[in-house]
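Here the structure comes first, spelled out in structure tokens, and everything after it is commentary.
Laboratory data are not the source of any read-out in this text; all were calculated from the coordinates shown. These numbers were taken from a predicted model, which means no experiment stands behind them. Cβ: placed from backbone, ideal geometry, glycine included. Neighbour counts: every protein chain shown.
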Amino acid sequence: MKKLKVNNFNLTYSTEGEGSDIVLLHGFPSDIFFWEKIKSKLKKNFRVTSIEQRGYPLSKLKNPTIDMFNIDNLSNDVETLIETNGLVKNTILVGHDWGSIVAWAVVSREKVRISKLVSICGGTEFPHSGIYDELDYSGNKHYISSFQDPKNSSKFLTQNLDKFFRSSYRLVKNNITQPDLSLNSLFFKYKKNDLIHNVDIERMVNSFNNDLYQPISWYANINNNIMLSNEWRRVIETPVDFLFGGLDAAVKFNSKMESRLKKSGKNVRIKLISNADHWLPLTHEESVIESITNI
């Protein structure tokens with residue numbers, strides 16, 4: 001692991017292999033180790049850099065405020081790393097979940113040259129929080145509405161981090177047409193016999209150490225991000241592969257998302273992995289690798 005000083009904190013990253021550059025961005029609630037299986041295969045032919053993003057355990061900020069996790073700061077972290085380390089050889093940027101949001105922003109801001117974007121189980125930008133406020137799950141709010149208060153959301157979820165991570169990484173076998181996306185249901189409903197993805201839960205619990213405030217603060221910036229992105233958001237010409245899982249309960253692909261994607265980029269290829277859920281890179285690494293390497 002290496003560290004790069006970016007303004008007021010140290011950004012942790014790892015670079016392995018030689019060749020053209022691939023930069024990997026994890027989402028929520030993941031970390032730098034999310035990409036290990038994919039990275040181990042890619043590094044044979046590429047120089048692969050994975051990043052522990054701002055606010056996550058290996059890249060935590062001291063005395064953070066919510067605005068420190070806005071999209072400009074998140075993008076600047078990635079751009080600074082790419083520029084400082086010279087990761088500029090036909091750079092392919094890959095993002096999962098929130099990492100996809102950051103990756104789209106980096107490409108749109110055009111401060112570093114990206115040859116290709118691979119966007120997985122994420123999107124271009126979150127809509128205004130008011131959209132989520134209109135949703136009701138038997139009297140409970142959508143988790144993104146709850147995440148507008150990161151302090152109390154973190155306090156609630158860290159009552160039992162083991163259950164939180166097991167709930168987050170539950171294996172979805174069947175399509176759920178109307179999933180309950182409230183905080184308690186999505187992140188706190190693990191049952192003893194539920195299957196989970198191949199994730200080291202004990203390591204995750206120890207790593208996050210009863211603190212989700214900083215990662216959740218990313219969500220508390222989604223309204224601010226819309227205003228910030230007005231300065232640089234554009235239709236990108238960079239080729240994009242957008243991958244989504246047909247069983248993904250958290251990020252449902254629909255006609256609105258398809259329209260938004262096609263309006264956001266001039267060269268967007270959309271690929272459905274029908275039997276994959278939100279954790280597609282953990283279960284279908286070959287599909288991800290194929291999208292990354294298929295120029």
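Looking at Ser59, Ser50, Ser20, which is the one that is within 23 Å of Leu280 (Cα to Cα) and either buried (at least 23 other Cβ atoms within 10 Å of the Cβ) or of a type outside the set (Val, Ile, Thr) (or both)?
It is Ser50.
What number of residues within region 146-194 are out of contact with any helix residue (DSSP H, G or I) (no Cβ under 9 Å at 6 or more places or on another chain), under 23 Å from Ser207 (Cα atoms) and crowded, with 16+ Cβ neighbours inside 10 Å?
Residues meeting the conditions: 1.
Within region 96-145, can you find the residues that are touching a helix residue (DSSP H, G or I) at 6+ places or on another chain (Cβ under 7 Å), in a loop (DSSP other than H, G, I, E, B) and not aromatic (Phe, Trp, Tyr)?
Across region 96-145, the qualifying residues are Lys111, Val112, Ile114, Cys121, Gly122, Gly123, Thr124, Glu125, His128.
Quick check, is Asn209 of a type in the set (S, T, N, Q), touching a residue at least 60 places away in the same chain (Cβ under 8 Å), exposed (fewer than 13 other Cβ atoms within 10 Å of the Cβ) and on the phi > 0 side of the Ramachandran plot?
yes
Scan region 221-235 and give yes if some residue there is touching a residue at least 60 places away in the same chain (Cβ under 8 Å), assigned to a loop (DSSP other than H, G, I, E, B) and surrounded by 14 or more Cβ atoms within 10 Å (Cβ to Cβ), otherwise no.
Checked against the condition, which is being touching a residue at least 60 places away in the same chain (Cβ under 8 Å), assigned to a loop (DSSP other than H, G, I, E, B) and surrounded by 14 or more Cβ atoms within 10 Å (Cβ to Cβ), region 221-235 yields at least one hit.
Within region 27-40, count every residue that is buried (at least 17 other Cβ atoms within 10 Å of the Cβ) and closer than 22 Å to Lys89 by Cβ.
4
Here are the criteria: (1) assigned to a helix (DSSP H, G or I); (2) surrounded by fewer than 19 Cβ atoms within 10 Å (Cβ to Cβ); (3) of a type in the set (Val, Ile, Thr). Tell me which single one Val199 does not satisfy.
It fails just one condition, (1).
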